[in-house]
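The values are calculated or read from the model by the stated rules, or taken from the named source; none is laboratory data. Remember, it's a predicted structure, so these values are computed and weren't measured experimentally. Glycine also receives a Cβ, built like all others from the backbone with ideal geometry; neighbour counts cover every protein chain displayed. Side chains are part of the model used for accessible areas, which takes the heavy atoms of the whole protein and leaves out ligands, DNA and RNA. Shrake-Rupley method; radii C 1.70, N 1.55, O 1.52, S 1.80 Å.
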Amino acid sequence: MFDFCEPSHKAPLVQKEQQEAIEHIDEVQNEIDRLNEQASEEILKVEQKYNKLRQPFFQKRSELIAKIPNFWVTTFVNHPQVSALLGEEDEEALHYLSRVEVTEFEDIKSGYRIDFYFDENMYFENKVLSKEIHLNESGDPTSKSTEIKWKPGKDLTSRSSQTPSKAGKKRQHEEPESFFTWFTDHSDSGADELGEVIKDDIWPNPLQYYLVPDMEDEEGEDEEEDEEGLDDIDEEGEDDGEEEEEDDDGEVCNQLFCCRVESL
């Protein structure tokens, strides 16, 4: 009987080859990691370069936005995530919001600041409300913000609940917090969704959210026109059907008339 098992002396050789392969894989992986780090540094430099190039355009855009009344409150109300955080009084207060600016820190990775500029209003004394998100060397986020100087009886953050605005009816919380609570909430800077939404979604192109209702109206008009076109087609089809029926009736009458003439 033949023994097909491999000689036992080959096992150490196989193990040695595998160990050498693992060591080579580790060396190659180290090279890949080194290139990834180099790429990250170069990408950061590119981002810093273009971030500076964008600044004059951001400034020009802000000057143009200032000519449009209620631009920013309309933009926030039209944004699905932000609108869910707005009560009626929040929305009223945001009608005094005249300018928003987002500034990423020099090295970008270390954090950013969002500034809200307000006209004189009945709610607070501040002309500017700011919030900063900082990332330390270990990557842990911390935040700080402007203390809101509320006017007597106007502190929106101290009210247990607000009536959700029409735009914020989708809010699921039984006791919604004020939008302005965001300025005082530093409990979990790593989960600052509102700040990320403003920085990464709204700030790059706020016009797309300001124009949302107009775009929806245009789509609605197109749909109505399509429906009217279909109705016209249906009506034409019905008219054609009636004409065909009349033609058929005429042909039958002619045939009957001819038959009667012949019989006479």
> Across the stretch 100-125, what is the total count of residues that are within 20 Å of residue 71 (Cα to Cα) and of a type outside the set (Phe, Trp, Tyr)?
Replying inline: 10
>> Quick check on the stretch 149-195: of everything there that is within 18 Å of residue 118 (Cα to Cα) and hydroxyl-bearing (Ser, Thr, Tyr), which residue is modelled with the lowest pLDDT?
In response: 184
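Just to be sure, is residue 157 out of contact with any strand residue (DSSP E or B) (no Cβ under 7 Å at 6 or more places or on another chain) and either over 27 Å from residue 57 (Cα atoms) or loosely packed, with under 15 Cβ neighbours inside 10 Å (or both)?
Working: out of contact with any strand residue (DSSP E or B) (no Cβ under 7 Å at 6 or more places or on another chain): yes; either over 27 Å from residue 57 (Cα atoms) or loosely packed, with under 15 Cβ neighbours inside 10 Å (or both): yes.
Spelling it out, residue 157 is indeed out of contact with any strand residue (DSSP E or B) (no Cβ under 7 Å at 6 or more places or on another chain) and either over 27 Å from residue 57 (Cα atoms) or loosely packed, with under 15 Cβ neighbours inside 10 Å (or both).
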> Is one or more of the residues making up the stretch 20-34 at pLDDT 90 or above, open to solvent by 80 Å² or more (accessible area, probe 1.4 Å) and either closer than 30 Å to residue 111 by Cβ or not in a helix (DSSP H, G or I) (or both)?
Replying inline: yes
> When the stretch 101-154 is examined, which residues are found to be open to solvent by less than 60 Å² (accessible area, probe 1.4 Å), among the hydroxyl-bearing types (Ser, Thr, Tyr) and farther than 26 Å from residue 59 by Cα?
Replying inline: 123
> Within the stretch 80-100, can you find the residues that are open to solvent by 40 Å² or more (accessible area, probe 1.4 Å), out of contact with any Leu (no Cβ under 9 Å at 6 or more places or on another chain), closer than 15 Å to residue 202 by Cβ and touching a residue at least 40 places away in the same chain (Cβ under 8 Å)?
Replying inline: 80
